[in-house]
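Written below as structure tokens is the structure these notes are about.
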């Protein structure tokens, strides 16, 4: 049975004016939540803070916004009362609007968030992953990659998410998990439920690298949310020219959405491979900074019945990964309406994993999580799109009646 989470964001608390008997909402003030330190400083100057004091004030706000997660300026007790009033007049600390929140039977949580008119994306919290729990965040609304096994990839790209919108997803999750410390209740690392961030939601992160890199800087800052870069993983379908740059700019862990061991099959499953074939992709992977046993590449391999799950494919995968510090996540395929694929049988997946294990590669089989709320790998936002299409048809039918 699903449980829905309610949330009223500050940016919905808009003032209203009357014009000719019609109530119109005034634009809400912009939010400071999710901004970088440099952007916070710019907003403070715009609010009247002297430029030579803006950096110090930004540091104060940073601590309140990202360490304590406060949602109103009045809570910032070491900030001058006059400045708090000015900030409250011009800005908010609102998160992106939560349209729906769902909790799966297995504890997985999914939030559909609205970043603007017609701009919605999803993020998912998965408990018992990593040290404690992982948040899967989106970097784009929609996707351009059209991977044939992925329902998310069938949805057209709307736009890139800003760094603030990416960070906002993390803040939403920490709000829901009651994970912000207070001065009276410090939060130790051992108390955290959310310890890992994975850029494995909607979109291709390397097609939005500037915003992804800025978001990682904010998320990893030790004076704020403080999730270390080694606990942040960025997954790419294989945008080879930007892989090394990702490592240099972020220090994050690298994951590759692989799914095939030869170009012919990967061209079919992951069309991006036609542009960056396996040889070029692996040349880029080997240049990823600081690769080693302590910083291995994760290869994601979705198990498709009769497509890529033979023992010959397993042996080919071992050969392909030679010389790359790696682990392989074997992902049982999550079906969706209209897909031509089926999930491999469990014993087939286990035999596939055994070949990899014997070759010395860690190859855990990922337990499907959140399937009942369409929060599993490859399912993000698909239900919300279907619901909106249904609502449009219903509205059209009522108008024509």
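Since every read-out is calculated from the coordinates, none of them should be taken as a lab result. Owing to the predicted nature of the structure, the values given are computational and were not obtained by experimental measurement. Cβ placement follows ideal geometry from the backbone for every residue including glycine, while neighbour counts extend to all protein chains displayed.
Can you tell me the order of 29-35, 197-203 when each peptide is scored by its average per-residue count of other Cβ atoms within 10 angstrom, highest first?
197-203, 29-35
Roughly what % antiparallel, to the nearest 5, for the DSSP beta bridges in the range 125-237?
On the way: 6 of 12 bridges.
Rounded to the nearest five, the antiparallel share is 50 percent.
List the relative contact order of the range 25-90 as a percent without decimals, with contacts defined as Cα pairs under 8 Å and 6+ residues apart.
On the way: 37 pairs, mean separation 18.6, N = 66.
Value for the range 25-90: 28 percent.
Please report the antiparallel percentage of the DSSP beta bridges confined to the range 97-388, to the nearest 5.
Around 50 percent of the beta bridges assigned by DSSP in the range 97-388 are antiparallel ones.
In whole Å, what is the distance between the alpha-carbon centres of the range 246-309 and the range 215-233?
Result: 24 Å between the Cα centres.
What is the range 25-90 by shape, rounded, prolate or oblate, if you read a ≥ b ≥ c off the alpha carbon gyration tensor as root eigenvalues and call it rounded for a/c under 1.5, prolate for a/b larger than b/c, and oblate otherwise?
Rounded, since a/c falls under 1.5.
Highest mean first, what order results for 81-88, 145-152, 115-122 on Cβ atoms within 10 Å?
145-152, 115-122, 81-88
Report the label-to-label distance for residue 345 and residue 159 in nanometres (one decimal), using points 7 Å from each Cα along the Cα→Cβ vector.
The answer from the label model is 5.0 nm.
Take every Cα pair under 8 Å in the range 97-388 that's 6+ residues apart, average their separations, divide by the length, and report that relative contact order as a whole percent.
17
Please work out the Cα convex hull volume for the range 97-388 and give it in Å³ per residue.
128
Could you tell me the ratio Rg/Rh of the range 26-176? Both radii from Cα atoms, Rh via Kirkwood.
1.03
Report the residues of the range 158-182 in range of a label on residue 119: point 7 Å along Cα→C-beta, backbone N strictly under 17 Å from it.
158-170
Highest mean first, how do 167-180, 97-110 rank when packing is the count of other Cβ atoms within 10 Å averaged over residues?
Result, highest mean first: 167-180, 97-110.
Can you compute the FRET efficiency between residue 293 and residue 63 using 1/(1 + (r/R0)^6), with r the Cβ-Cβ distance and R0 = 25 Å? Round to the nearest 0.05.
Calculated transfer efficiency: 0.10.
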